[in-house]
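*Asks:* Take this structure first; my questions come after.
The values are calculated or read from the model by the stated rules, or taken from the named source; none is laboratory data. Everything numeric in this text was worked out from a predicted model, so none of it was measured. Backbone-built Cβ (ideal geometry, glycine too); neighbour counts: all protein chains shown.
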Amino acid sequence: MITKLIDSNLIQKKILELSTILNNNFKEKLVILGVMNGSYYFMKDLIGKLDVDYRYDFVFCSSYYGTTQSSGSVDFLYPRKEDIKGKNVVVLEDIVDSGETLLSLKDNLSVYKPLSLSFCSMIVRESCILNESLFWTGFKIKNEFVVGYGLDYDGDYRNLVDIYELKNQRENEK
């Protein structure tokens, strides 16, 4: 069962907010890296509102594979279709849970020597214990498992335009 948490109109307002910030803060070419498939909708809507010149690519890392619980281990893969050396890089995350994936991204992407590395997340859990602040955050949630707007459960629900809480799935996994 799913219950709506965040309406698509609110999502679009947040994306407009972020695009304005990026347009005002970055005057040189930007490289936008979407984290996995979950960031696709976020990236697609955001780049449509950017005035600054940009390139984009995807980076792959996750600690979730077909479950609502993190494995605790982050796998990282960056195909490097875009050279980020000496460039301003903005990484788009769909959701930050504990912050471990974001820290892994920071460590792994820093090796390529970008000029700057900024992280934006559509959703951040209240339980996130990052000592570093994100460049931008859309929404904060408690510990709900959410789907929609690119977020999925085992590949399902990504296509929903709103963000929903997926209920009862965790009980089924125990």
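*Asks:* Which condition does V52 not pass, out of (1) assigned to a helix (DSSP H, G or I); (2) farther than 19 Å from Y149 by Cβ; (3) in contact with a Phe, Trp or Tyr (Cβ under 7 Å, 6 or more places away or on another chain), if it passes all the others?
*Replies:* Of everything listed in (1) assigned to a helix (DSSP H, G or I); (2) farther than 19 Å from Y149 by Cβ; (3) in contact with a Phe, Trp or Tyr (Cβ under 7 Å, 6 or more places away or on another chain), V52 misses just condition (1).
*Asks:* Specify the residue that is farthest from T20 (Cα to Cα); the eligible residues are those in the stretch 124-143 that are free of Cβ contacts under 8 Å to residues at least 60 places away in the same chain, touching an Asp or Glu at 6+ places or on another chain (Cβ under 8 Å) and in a strand (DSSP E or B).
*Replies:* R125
*Asks:* Let me ask another. When only residues in the stretch 133-160 that are among the charged types (D, E, K, R) and touching a Leu at 6+ places or on another chain (Cβ under 8 Å) count, which is surrounded by the fewest Cβ atoms within 10 Å (Cβ to Cβ)?
*Replies:* My answer is E144.
*Asks:* OK, next. Considering (1) part of a loop (DSSP other than H, G, I, E, B); (2) modelled with pLDDT of 85 or more; (3) surrounded by fewer than 19 Cβ atoms within 10 Å (Cβ to Cβ), say which one K106 fails and leave the rest.
*Replies:* Among (1) part of a loop (DSSP other than H, G, I, E, B); (2) modelled with pLDDT of 85 or more; (3) surrounded by fewer than 19 Cβ atoms within 10 Å (Cβ to Cβ), the lone unmet condition for K106 is (1).
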